[in-house]
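Report on one structure; see the data block that follows.
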Amino acid sequence: MTQLSFKLDSFEGPLDLLLMLIKKNKVSIYDIPIADILEQYLIVMQQMEELDLEMSSEFLVMAATLLQIKSKMLLPAEDDEEEEDPRTELVRRLVEYKRIKETIDFFREHENSDAALFFKLPDVIERPPAVIDYSALTTENLLQAYKMSFSKLERKLPPPKRSFSGIVGHEKVSVRERVKNIWKKLVDRGKVLFEDIFKGVKSKPEAVASFLAVLEMIKMNKIAVEETDTKGEYSVIKITEDDAFNFEGVED
């Protein structure tokens, strides 16, 4: 079994811990050695308890889930039946969580790089902000579109701010404030069109912050995004009955 070394208070939840264990053990997310991972998972939980670190009930639920999967895998398979791999649902959740986590990291990286750039204000003509239609975008194609746009934009951007003097920079948009804004709409209505979240967006940093806010809320199990109809429109739905929201838990 791989000897592990890591910061115990750095996990955002049980799925985050499992992804770290899978990475450290250099195993495939689609073929998890449950017995080994479970043993290491329980060791980490014990260490967290010994250090008096706060541990949510989600960690205990995941431990029980891993034990259940291990038990099912030890049972002899029926000769005539082709049973589903007990790990299937766990793998699906891990893949989805990993995708969201990587998307958030990507957008945060480029949001920070955008914040370091300064631009000279236009001298004569003030053009109205472009109207962007986000109605048909999913997480995947929005990320792809952002990558393509940013790649083209990078070649046209001015030098870093240290090369300028007497110029004006773009203010960084707060993800936490965007979460507050979206959550207020959902508390009032319960459901909003995905495109409505981007109404009034006037800059790329603001669009990025809005998208990050949606991903943060999905990660916190506060909302879900579903396809509204066959036209490719999507809706954001509040999936918890609790209207309370710990906004301080949103990384800004």
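Give me, ordered by chain and number, the residues 5 or more places off F11 or on other chains with an amide H under 5 Å from its own placed amide H.
none
Which pairs, out of K26/K222; K98/K204; K172/K204; K172/K202, put more than 22 Å between their alpha-carbon atoms?
Values: K26/K222 32 Å; K98/K204 25 Å; K172/K204 10 Å; K172/K202 13 Å.
Violating the 22 Å limit, Cα to Cα: K26/K222; K98/K204.
For region 187-245, state which trypsin sites (Lys or Arg not before Pro) are in a DSSP loop and have at most 14 other beta carbons lying within 10 Å of their beta carbon.
Sites meeting the loop and neighbour criteria: K199, K202, K231.
When you have a sec, figure out the Kirkwood radius of region 171-238 from all distinct Cα pair distances and drop it here in Å to one decimal?
Details: mean 1/r = 0.0823 Å⁻¹.
Over region 171-238, the inverse of the mean reciprocal pair distance is 12.1 Å.
Put a dot 7 Å past each Cα toward the Cβ at E109 and K202; how far apart are the dots in nm?
About 3.1 nm, to one decimal.
The numbers here are math on the coordinates, done by the rules we state, and not lab data. Nothing here was measured: the structure is a model prediction, and the numbers come from that model. Every residue, glycine as well, gets a Cβ built from its backbone with ideal geometry; the counts of neighbours run over all protein chains shown.
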